[in-house]
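Single-structure report; data block below.
The values are calculated or read from the model by the stated rules, or taken from the named source; none is laboratory data. Since this is a predicted model, take the numbers as computed values, not measurements. Here the Cβ is made from the backbone with ideal geometry for all residues, glycine too, and neighbour counts use every protein chain on show. Note: areas computed on protein heavy atoms with side chains; ligands, DNA, RNA excluded. Shrake-Rupley method; radii C 1.70, N 1.55, O 1.52, S 1.80 Å.
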Amino acid sequence: MTVHTAVRPTRSNRSIGWVPYPLIALIVVPAIAGSLRLVELAGGPHVLPANPRITASPIPVIVHIVCAVLYSGLGAFQFSNGLRRRWPDWHRIAGRIVVGLGLAVAFSALWMTAFYPHIPGGALATVFRLGFGTGMAASIILGFVAIRRREIARHRAWMARAYALALGAGTQVITLGIGKAIFGDSELTTALMLGAGWGIILVVVEYIIRFRFQASVRARTPVPITAA
């Protein structure tokens, strides 16, 4: 006779855990910069360097900034195991909102890349932006399709990849700062450091998907016990 016993998670259901907070911390600087840009577009003081592209066509920028801040903030809590266990309905409702916000972020970024002139970083940066923006949109769509099919592990993996690409704005603050300090301010440096920002965080999230997510799934899988 085989008896299946489920391994209970050791973390308390009352805690949302620490995971959302470093994710939010990573987007603080881009969120502040985006908020200052919105203030400028609303007629407030100009704190950031002038950008004629944004002034000429502000709507895509407004959509991108607002949706990116909301997506990054709300999406961070989607990765909280404790929050999912304690409020599963909230996770599902918030997930639908996050999908819409994420697609708006990706498609507005693609629109700006395709139609705004003189993108910083030149042709190589344009290729990076188009590639990673398309990857973000595709990851969200694949994640949504997976959850409709009740493929939980696949859903988590694709949503984590999409969120990582959105967090690229946070890692790029670091890579651009270091790259320009070492190699100088040039279009090639800008393009390579933008790509490095996305690449680094994708490597991190792939490690988490392959090792941490898999371990989490195994910990919740019933363990067969064979008894006479």
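Some notes on this structure:
- Sparse packing (at most 10 other Cβ atoms within 10 Å of the Cβ) combined with a DSSP loop state is found for the following trypsin sites (Lys or Arg not before Pro) in the stretch 10-97: 14.
- In sequence order, the stretch 125-134 has phi-based couplings of 5, 4, 4, 4, 5, 5, x, 6, x, 5 Hz under the Karplus curve 6.51 cos²θ - 1.76 cosθ + 1.60, θ = phi - 60°, and Gly or Pro positions carry x.
- Rel. contact order, % - alpha carbon contacts under 8 angstrom, at least six apart, the chain: 28 percent
- Angle between the chain longest axis and helix 59-77 axis [Cα atoms, degrees, rounded to 10]: 30 degrees
- Top positive-direction residue, dipole computed over the stretch 75-183 with Cβ charges, set 121, 132, 81: 81
- For the stretch 48-155, the solvent-accessible area works out to 54 Å² per residue, with a probe of 1.4 Å and every protein chain left in place.
- The share of accessible area on the chain that comes from carbon and sulfur is 69 percent, using a 1.4 angstrom probe.
- Helix-only CD estimate at 222 nm, as mean residue ellipticity for the chain, using -39500 (n - 2.57) per DSSP H run (n ≥ 4): -23500 deg cm²/dmol
- Spin-label zone in the stretch 167-190 - amide nitrogen under 11 Å from a point set 7 Å from the Cα of residue 124 along the C-beta vector: 186-190
- Percent of C-alpha pairs per 10 Å bin, the stretch 38-188, short to long: 10, 35, 33, 17, 6
- A DSSP coil position with no more than 16 other Cβ atoms inside 10 Å describes the following trypsin sites (Lys or Arg not before Pro) in the stretch 128-209: 149, 150.
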